[in-house]
Protein chains: 2
Amino acid sequence: MSDWLRIPPDSDFTLANLPYGIFSTDDRPPRAGVAVGEQILDLAELGNTGVFDFDVSVLNQPTLNAFVALGKSVTSRARTRVQSWLRMAPDGPIQRHHLVPMAEATLHLPVRIGDYTDFYSSIEHATNVGRMFRDPEKALLPNWRHLPVGYHGRASSIVVSGTPVRRPVGQLMPAEANHPVFEPTRRLDFELEMAFVVGKDSELGRPISVDEAEDYIFGMLLFNDWSARDIQRWEYVPLGPFLGKSFASSVSPWLVPLEALGPFRVAGPEQTPGVLPYLQSTGKNNYDIDLEVKVNEETVCRSNFRYMYWNMQQQLAHHTSNGCNVRVGDLMASGTISGQSPDSYGSLLELTDNGTRGGFLRDGDTVTMTGHAGQGAERVGFGSVTGRILPARR
Amino acid sequence: MSDWLRIPPDSDFTLANLPYGIFSTDDRPPRAGVAVGEQILDLAELGNTGVFDFDVSVLNQPTLNAFVALGKSVTSRARTRVQSWLRMAPDGPIQRHHLVPMAEATLHLPVRIGDYTDFYSSIEHATNVGRMFRDPEKALLPNWRHLPVGYHGRASSIVVSGTPVRRPVGQLMPAEANHPVFEPTRRLDFELEMAFVVGKDSELGRPISVDEAEDYIFGMLLFNDWSARDIQRWEYVPLGPFLGKSFASSVSPWLVPLEALGPFRVAGPEQTPGVLPYLQSTGKNNYDIDLEVKVNEETVCRSNFRYMYWNMQQQLAHHTSNGCNVRVGDLMASGTISGQSPDSYGSLLELTDNGTRGGFLRDGDTVTMTGHAGQGAERVGFGSVTGRILPARR
């Protein structure tokens with residue numbers, strides 16, 4: 001490795017990772033970059049040197065959509081060339097010119113998101129929530145083991161890490177009350193999730209099979225599905241979550257390509273009862289990604305993406321099984337990623353047992369989620385998604 | 001009126017209407033137009049003659065988003081100029097050059113839709129559905145009269161009128177069965193709705209008040225929210241409709257500006273109990289728009305948009321009350337528009353009393369929805385939204 005890159009030993013952004021993002025600097029508008037150590041390789045600049053075999057104007061745009069839409073055969077070659085360039089380039093003013101210190105850049109949403117879907121694919125989370133909000137004896141609903149339950153979310157309010165989140169105001173029905181009130185949420189929560197970004201358009205009316213699905217998944221992000229539990233509880237029957245979620249969702253800025261995660265594939269949990277043929281998935285389709293949530297300086301949750309009951313291929317196959325099409329830039333989130341032990345629960349709702357053992361988020365709190373797979377020079381990390389709570393608007 | 005325009009006496013597209021759309025012809029790609037009688041005024045061509053006071057490149061794009069984003073002060077002036085031009089222009093080859101017979105044009109989705117939201121704002125519909133699917137004694141859920149219930153829908157599968165709709169395949173739980181099956185829906189339905197298109201971006205974190213809301217509503221469309229009742233029933237608890245709806249939704253191609261509907265404003269139904277202050281709405285905020293649904297040649301429903309319990313301003317105020325932002329091109333649908341009499345129910349689910357008095361849609365059926373306000377030279381119509389059912393993919 002070229003020493004001049006100065007990749008710190010515990011960096012999320014090794015040469016094995018090379019996630020894509022959109023960044024701007026004081027002197028230039030948003031463009032594509034790759035995170036490496038504590039720097040950003042300016043892809044728009046590098047593209048001008050002729051190292052790529054595609055129209056490099058896609059790198060000089062405010063989202064990655066056009067680049068991603070080139071298809072995996074092209075983007076994989078681009079990745080290999082970036083990797084080679086970083087390994088081989090000698091130290092020198094021209095090479096350094098292509099690198100921008102991350103601390104001097106502003107990071108933006110990596111993709112223009114078309115539709116955003118949120119799944120509910122952790123059996124531990126669904127069980128915990130079912131136990132609290134519905135019949136504890138039948139915590140999992142009858143459909144849960146047969147299909148990856150999901151719903152459509154709001155795309156407009158997805159923001160990049162670092163964007164402050166204003167405590168939402170909304171309708172709540174206080175205990176013992178006969179009429180709802182319109183007040184700031186008293187139960188503001190995070191949800192630890194990951195999300196994948198769709199890398200290929202599909203055709204309306206043509207389902208994507210489980211086996212084809214991986215070709216449609218470009219890469220992954222960390223995702224915080226901020227939730228106002230009291231607003232959600234009053235509104236969600238019968239049509240699902242709406243304003244309890246749509247005030248903001250936060251994503252990490254660096255889009256980790258699925259191919260970087262290949263070494264961390266693991267088998268998922270056994271699915272019982274067996275699933276219908278269109279959802280059958282064999283082999284290692286989960287990913288071993290360690291996840292952590294901090295509220296301010298305190299670690300409140302350690303979880304892992306491998307716990308997911310339904311994998312991404314199953315989610316995509318189910319989503320399109322009715323003919324629904326997907327488009328480059330669509331975002332599909334996992335649902336809260338809870339593990340089996342109480343310290344692995346991915347929301348304050350679960351961690352506090354519905355507020356009976358501790359409270360929800362306070363104004364001024366900062367929630368930070370991190371995630372990574374592997375160690376040392378092979379580490380593939382996601383950086384972080386963070387957000388600070390602002391007081392409700394008066 | 002210029003006789004050469006030949007507007008038929010029963011036309012939806014009078015000089016009082018002038019809805020916007022996107023059309024293409026054999027010789028030219030999609031661009032903006034205005035429907036007038038049985039013709040389309042080519043706005044991109046007219047723009048080149050200097051009649052408008054804005055950058056006319058927005059008229060030569062495949063969606064109306066950039067035009068709509070100019071703001072109502074600009075688009076209202078454009079409307080007035082189009083109206084004057086149509087009234088005043090003499091017959092002549094130059095004038096005729098700007099008009100394209102609608103029969104020779106292909107119509108496209110008028111806007112690039114960002115987020116799509118579906119409300120549930122007809123009290124008759126919500127009551128009918130609640131009676132069938134939940135407790136008949138408590139057909140309306142506790143929150144229904146306190147807030148306009150809504151959910152996020154799928155934007156990618158919204159298609160323009162005329163696009164065939166393939167019968168979706170999906171998971172169903174047959175009566176008496178213990179395991180779900182994966183089969184073509186047996187209960188394919190339409191839902192008669194209208195939708196409005198957002199005409200102005202709002203800021204994340206800043207609610208739109210009921211009084212401001214009209215400024216954010218550019219215009220309206222007819223909307224068919226195709227529904228697979230058996231898929232929906234098995235999947236929708238607890239997170240709401242997903243694949244039972246996301247296989248397709250159809251919109252009419254002509255976007256009727258809200259100002260054209262001004263003469264048809266009426267007061268809505270009284271809301272009891274009274275609503276919270278952020279939803280209080282006074283004056284004539286409903287619209288008297290006659291609606292009709294035909295399955296093949298048979299009229300199956302006659303309804304009216306004025307029946308809506310929650311009006312569009314309330315929907316938008318509620319949607320943004322938590323700080324959720326909206327963007328130009330967002331689509332917000334009303335929910336099924338049912339009236340009080342059985343022949344005014346806006347879905348087969350209700351018209352057949354859950355399939356006990358007649359069936360659902362068959363392969364080859366064509367569903368056509370039409371709507372208009374007023375009569376004669378003052379008539380403001382929406383044309384139609386139509387779709388034919390193709391057999392399920394094998």
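Quick look at the values:
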read-out	value
Cβ pairs under 8 Å, 6+ apart, first in segment A:98-126 and within 12 Å of another protein chain (Cβ to nearest Cβ) and touching a residue at least 40 places away in the same chain (Cβ under 8 Å), second surrounded by 21 or more Cβ atoms within 10 Å (Cβ to Cβ) and among the basic types (Lys, Arg)	A:Asp115/B:Arg154; A:Tyr116/A:Arg154; A:Asp118/A:Lys245
Residue that is nearest to the chain's Cα centre (by Cα) [pool: residues in segment A:237-279 that are hydroxyl-bearing (Ser, Thr, Tyr) and within 7 Å of another protein chain (Cβ to nearest Cβ)]	A:Ser246
Among residues of segment B:256-276, those that are under 18 Å from B:His146 (Cα atoms) and in contact with a strand residue (DSSP E or B) (Cβ under 7 Å, 6 or more places away or on another chain), counted	2
B:Lys72 vs. criteria crowded, with 17+ Cβ neighbours inside 10 Å and either more than 26 Å from B:Val385 (Cβ to Cβ) or not assigned by TED's automatic domain parsing to the domain that holds B:Thr320 (or both)	yes
Residue satisfying all of: in segment A:80-89; among the hydrophobic types (A, V, I, L, M, F, W, C) and surrounded by 14 or more Cβ atoms within 10 Å (Cβ to Cβ); nearest to A:Glu259 (Cα to Cα) among these	A:Val82
Single condition A:Ala16 does not satisfy, out of (1) in a loop (DSSP other than H, G, I, E, B); (2) of a type in the set (Gly, Ala, Ser); (3) buried (at least 19 other Cβ atoms within 10 Å of the Cβ)	(3)
Qualifying residue in segment B:90-100 (condition: assigned to a helix (DSSP H, G or I) and of a type in the set (Val, Ile, Thr))	yes
Yes/no for A:Ser281 being out of contact with any strand residue (DSSP E or B) (no Cβ under 8 Å at 6 or more places or on another chain), touching a residue at least 24 places away in the same chain (Cβ under 8 Å), small (Gly, Ala, Ser) and crowded, with 17+ Cβ neighbours inside 10 Å	yes
B:Arg131 being charged (D, E, K, R), buried (at least 17 other Cβ atoms within 10 Å of the Cβ) and within 14 Å of chain A (Cβ to nearest Cβ)	yes
Enumerated strands (runs of 3 or more DSSP E) restricted to segment B:277-394, each holding at least 2 residues that are of a type outside the set (A, V, I, L, M) and farther than 23 Å from B:Leu109 by Cα	B:298-304
Residue within segment A:318-332 that is away from chain B (no Cβ under 14 Å), over 18 Å from A:Trp226 (Cα atoms) and either in contact with a strand residue (DSSP E or B) (Cβ under 8 Å, 6 or more places away or on another chain) or not basic (Lys, Arg) (or both) present	no
Filter result for the condition that a residue is more than 26 Å from B:Leu70 (Cβ to Cβ) and either at pLDDT 95 or above or assigned by TED's automatic domain parsing to the domain that holds B:Arg31 (or both), over B:Glu193, B:Glu176	B:Glu193
Single residue of segment A:159-192 satisfying the filter (of a type in the set (A, V, I, L, M) and more than 10 Å from chain B (Cβ to nearest Cβ)) that is surrounded by the fewest Cβ atoms within 10 Å (Cβ to Cβ)	A:Ala175
Pairs, first more than 7 Å from chain A (Cβ to nearest Cβ) in segment B:135-152, second of a type in the set (Phe, Trp, Tyr), C-beta under 6 Å, six or more apart	B:Pro148/B:Phe119; B:Pro148/B:Trp310
Residue identified as of a type outside the set (Val, Ile, Thr) and surrounded by fewer than 23 Cβ atoms within 10 Å (Cβ to Cβ) among B:Asn311, B:Asn304	B:Asn304
All positions within segment B:31-56 that are in a strand (DSSP E or B) and over 21 Å from the mean Cα position of the chain (by Cα)	B:Gln39, B:Leu41, B:Asp42
Residues of segment B:175-205 satisfying the condition of being farther than 23 Å from A:Pro273 by Cβ and out of contact with any strand residue (DSSP E or B) (no Cβ under 9 Å at 6 or more places or on another chain)	B:Asp201, B:Ser202, B:Glu203
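Yes or no, residue by residue, for (1) surrounded by fewer than 21 Cβ atoms within 10 Å (Cβ to Cβ); (2) in contact with a Ser or Thr (Cβ under 6 Å, 6 or more places away or on another chain); (3) touching a residue at least 40 places away in the same chain (Cβ under 8 Å):
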position	(1), (2), (3)
A:Leu291	no, yes, yes
A:Glu297	yes, no, no
A:His319	no, no, yes
A:Leu331	no, no, yes
A:Thr336	no, yes, yes
A:Ala373	no, no, yes
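Quick grid of which residues meet (1) surrounded by fewer than 22 Cβ atoms within 10 Å (Cβ to Cβ); (2) under 19 Å from the mean Cα position of the chain (by Cα); (3) assigned to a helix (DSSP H, G or I):
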| residue | (1), (2), (3) |
| --- | --- |
| B:Ala78 | no, no, yes |
| B:Ile113 | no, yes, no |
| B:Ser121 | no, yes, no |
| B:Thr127 | yes, no, yes |
| B:Pro142 | yes, no, no |
| B:Ser156 | yes, yes, no |
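The values are calculated or read from the model by the stated rules, or taken from the named source; none is laboratory data. All values derive from a computational prediction rather than experimental measurement. Methodologically, a virtual Cβ is constructed for each residue, glycine included, from the backbone with ideal geometry; neighbour enumeration extends over all protein chains shown.
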